[in-house]
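The values are calculated or read from the model by the stated rules, or taken from the named source; none is laboratory data. What you see is a predicted model; the values in this text were computed from it and never measured. Please note: Cβ atoms are built from the backbone with ideal geometry, for glycine as well, and neighbour counts cover all protein chains shown. Please note that ligands, DNA and RNA were not included when accessible areas were found on the heavy atoms of the full protein model with its side chains. Shrake-Rupley method; radii C 1.70, N 1.55, O 1.52, S 1.80 Å.
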Amino acid sequence: ATMVQKYQSPVRVYKHPFELIMAAYERRFPTCPLIPMFVASDTVSEYKSEDGAIHVIERRCKLDIDAPRLLKKIAGVDYVYFVQKNSLNRRERTLHIEAYNETFSNRVIINEHCSYTVHPDNEDWTCFEQSASLDIKSFFGFESTVEKIAMKQYTSNIKKGKEIIEYYLKQLEEEGITFVPRWTPPVACKSESSTSHPRRPVSPAINIPESSTKEGLSNKEILNTSSSPSEPTAGTPDDKLDADYIKRYLGDLTPMQESCLIRLRQWLQETHKGKIPKDEHILRFLRARDFNIDKAREILCQSLTWRKQHQVDYILDTWNPPQVLQDYYAGGWHHHDKDGRPLYVLRLGQMDTKGLVRALGEEALLRYVLSINEEGLRRCEENTKVFGRPISSWTCLVDLEGLNMRHLWRPGVKALLRIIEVVEANYPETLGRLLILRAPRVFPVLWTLVSPFIDDNTRKKFLIYAGNDYQGPGGLLDYIDKEIIPDFLGGECMCEVPEGGLVPKSLYRTAEELENEDIKLWTETIYQSASVFKGAPHEVLIQIVDASSVITWDFDVCKGDIVFNIFHSKRAPQPPKKDSLGAHSITSPGGNNVQLIDKVWQLGRDYSMVESPLICKEGESVQGSHVTRWPGFYILQWKFHSMPACATTNLPRVDDVLASLQVSSHKCKVMYYTEVIGSEDFRGSMTSLESSHSGFSQLSAATTSSTQSHSSSMISR
């Protein structure tokens, strides 16, 4: 197997003229005390042009590689030889260095290219760049060891390169040499100088005029040095990254990490149509995949496609969040933490997640979360400028005061998980720290549901405090300045984050409205809708294998009154026959409507009722669960509820008479969602259900509770 490793350096800028740098560089030969492995070098060939402008020298360098003795023994060598060819052009002020290995050249191929050129914006500065490739074809079965040794040696040499030039510059200065004159054509022969002179302005590296500076970029980003002589110098040069810029705006990266960033960025510039993400964002994807360039490229490309599909680049400028969100979404940006990271505060416990999902659908909720993330990226950039150091992630403070069963509403949790997935995929490495405060007893359950969806790297950044622990040692003050601790957490800072609160039911949308969303980020919606007719209930089959599972349901009665039942049967009901549905088509004009219980089945013999019937009125939301005692088939049934005549007077009420005249009164509509959970995942939420008597959910009188099956249903009116 052949492995190819590539390396591309950022641009290193020396604030010294080219000629002085050359004087320093020359001192590395024939040997250099700062590079112990560089044992010796001999000149193989040399060429100088008549006018002294061109100087090409080829050397054979002897290296003592720091490798295990066993490996040297197997390989049968003590030293490794490299050939290095330096081409200096004093007229154009460039030095190009090519190096390759002579030893083992049939097994291992190493190529290196370096260049010293004049800085495009300042002719008294010098730029250095280097690139290399390592291709190990075979090495006595030690390919990966050789690769590790080579990479280690190489990266340590890269780090040394800068020190060496600086060391010799200092040495020159101590000797009183701080200036080396530029090359000028010899004046011996008149014709010589007149012919060479017109050629000068053509040379690419001589003082490029200011106008070539790209709009809006700092000088340091426009080091448009040509990295190899074969590259065309015409056209707009790529803007390149320089080492100082990386340190200041992106952080301390190892040479290989810098190389990955530069190569991925270059690849994007060459192949990607459209907006190229900012350097710090490319870096996030590399970090998320431990700088594996192929994996990072894959997730970055998926994310770029996704951004384009959903116009995410324009979300901050063009999308106005609906008023419901502005009023009831209890989150917002609030100053910054002690590390200078932007701080986002979310009062999740005060937020009616169910109401928001029902009033907006997941779509608008997701869009809102995306706009928060986009704003986060913008704030990181701003803070990087303000604090003078790279800040690439934000801190999130989540207050769970008020969290209760309503937050465990499964469709809400599902929506949350999907939002987390989209954010994880497209905003990797943006969460610096997550502080979870005032976690109630319900929290572990919510955490079990959510944590599998969260990346390990991200999970390490979570800090969870129960009750008032956050006020104690190791608490909030370690991460956030006292002056900006929000008022609702006992601080002195007025926090502008909305209070949240219950979303009025009048703002809820129907199943149809939610289904007819303009843009679907998610193909299926969580809810199903069903029609229920007089004489034609809607039934859903759930097969249970593990006896102690929990069936959960959540439904809204959109129209009409219904009776909800749950039955158990040992044998599978026959799938509904096509013709029986056909016969029914007169009474069921469209709508999802399925009957499973066979007409010949008898209650008590073929199937049994495991919960008391629950009568649900139009407009009610019902949440409930049933712990199954036996495996087999469970059937959830929504049945038409026929209104009895008014009990007090025994006379039909006008409304009832009118209602029975309208055919539509024989049709009810429900929106439902069901899920089966393993009992161990559910255990915690049963206990917390009993302890949740907050204003959010009260167990109404209509709740049925049969002790034998531990079921509970909750209605919120």
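Normalising the average separation of contacting C-alpha pairs (under 8 angstrom, six or more residues apart) by the number of residues puts the relative contact order of the range 4-175 at 25 percent. Taking the Cβ-Cβ separation of ASP546 and THR674 as r and a Förster radius of 22 Å, what is the calculated FRET efficiency to the nearest 0.05? The computed FRET efficiency comes out at 0.85. Between the alpha-carbon centres of the range 70-99 and the range 263-299 there is a gap of 31 Å. Here's the list of aspartates and glutamates a cross-link from LYS159 could span, going by alpha-carbon distance under 20 Å and ignoring same-chain residues fewer than 8 apart: GLU26, ASP64, ASP66, GLU98, GLU112, GLU129, GLU147, ASP242, ASP244, ASP252, GLU258.
Each principal axis of the range 4-175 carries a Cα extent, and these read 50, 32, 30 Å when sorted largest first. Pairs with C-alpha atoms separated by more than 27 Å, drawn from the list LYS295/LYS354; LYS414/LYS669; LYS85/LYS278; LYS73/LYS162; LYS275/LYS460; LYS62/LYS148, are LYS295/LYS354; LYS85/LYS278; LYS73/LYS162; LYS275/LYS460.
With K and R counted +1 and D and E -1, the other residues having a Cβ less than 11 Å from that of VAL324 yield a net charge of 0. Can you grab the distance from the C-alpha centre of the range 430-504 to the C-alpha centre of the range 306-351, Å, no decimals? Cα centroid to Cα centroid, the span is 16 Å. Using alpha-carbon pairs under 8 Å, 6+ residues apart, how would you state the relative contact order of the range 317-506 in percent? Once divided by the residue count of the range 317-506, the mean separation gives 29 percent.
Taking every alpha-carbon pair under 8 Å whose residues sit at least 6 apart, the range 243-310 reaches a relative contact order of 25 percent. For the range 415-451, the residues whose amide N sits under 20 Å from a probe point set 7 Å from the Cα of VAL386 along the beta carbon direction are 430-435.
The solvent-accessible area of PHE533, taken with every protein chain present and a 1.4 Å probe, is close to 10 Å². Judged by the ratio a/c of the largest to the smallest principal axis of the C-alpha gyration tensor, the range 317-506 counts as rounded, that ratio being less than 1.5. Rounded to two decimals, what ratio of Rg to Rh does the range 243-310 give with C-alpha atoms and a Kirkwood Rh? Result for the range 243-310 is an Rg/Rh of 0.96. Count Lys and Arg as plus one, Asp and Glu as minus one, and take only other residues whose Cβ is under 11 Å from that of ARG59; the net charge is then +1.
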